[in-house]
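What follows is a set of notes on a single structure, which appears directly below.
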Amino acid sequence: MRLAAFLLAAAMLAGIIAPFVSATVAPAHAQDYTAGEIVLSDPWTRATPPGARTGGGFVTIANTGDTADRLVSASSPVAKHTEIHTMSMDDGVMRMRHLPDGIEIPAGETVALKPGSLHIMFIDLEQPIEMGTPVPVVLTFEKAGAVDVEMTVAPPGAPGPKGKAGHKAHGDQ
Ligand SMILES: [Cu+2]
């Protein structure tokens, strides 16, 4: 519980938690990544203030195949540890949890990692995340294997990859 409380506080400092913001990432433009049946679009993160220990990463994952796949792990040279987390409201309190088994991507469905929801968590940053310096991340799927992506860097606290919220979510997720 102490670790969870620490991580939650760290996430708040890093601006990962954006309660009451309902946002989806904008549709993919230039950069999509494909591995087998998995299509990754708009991988992004946020710049961190000096001394920040944590950061959050986001991406939209589509499974175009007819069998489920699973995002099982993530890694990046920017942090000592990179984990897959979820965040939810629990009796009015935002809580975040490590998902040791990763995230299932059902056949034919799209799962959005976004602020206030599922996210990649960079823990113990080796250096600040800076605007203009994309963050390399390896996302590993059970079936599709390892995919190298570069997360674009939005301003601190940005709700979306271009610094805007994009469309309103239409009741998805
Ligand atoms: Cu987290």
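Just a few scattered comments:
- In this structure the amide hydrogen of Ile105, modeled in the peptide plane, comes within under 5 Å of the amide hydrogens of Asp69, Arg70, Leu71, none closer than 5 places in sequence on its chain.
- Per-peptide average of other Cβ atoms within 10 Å, ordering 101-108, 116-123 highest first: 116-123, 101-108
- Surface share of carbon and sulfur [accessible, 1.4 angstrom probe, percent] for the range 33-152: 49
- Residues in the range 33-152 average 44 Å² of solvent-accessible surface per residue, probe 1.4 Å, ligands and nucleic acids excluded.
The values are calculated or read from the model by the stated rules, or taken from the named source; none is laboratory data. Treat the numbers as computed from the prediction; the structure is a model and nothing was measured. Methodologically, a virtual Cβ is constructed for each residue, glycine included, from the backbone with ideal geometry; neighbour enumeration extends over all protein chains shown. When the accessible area is computed, the model is the full protein with side chains, heavy atoms only, and any ligands, DNA or RNA have been set aside. Shrake-Rupley method; radii C 1.70, N 1.55, O 1.52, S 1.80 Å.
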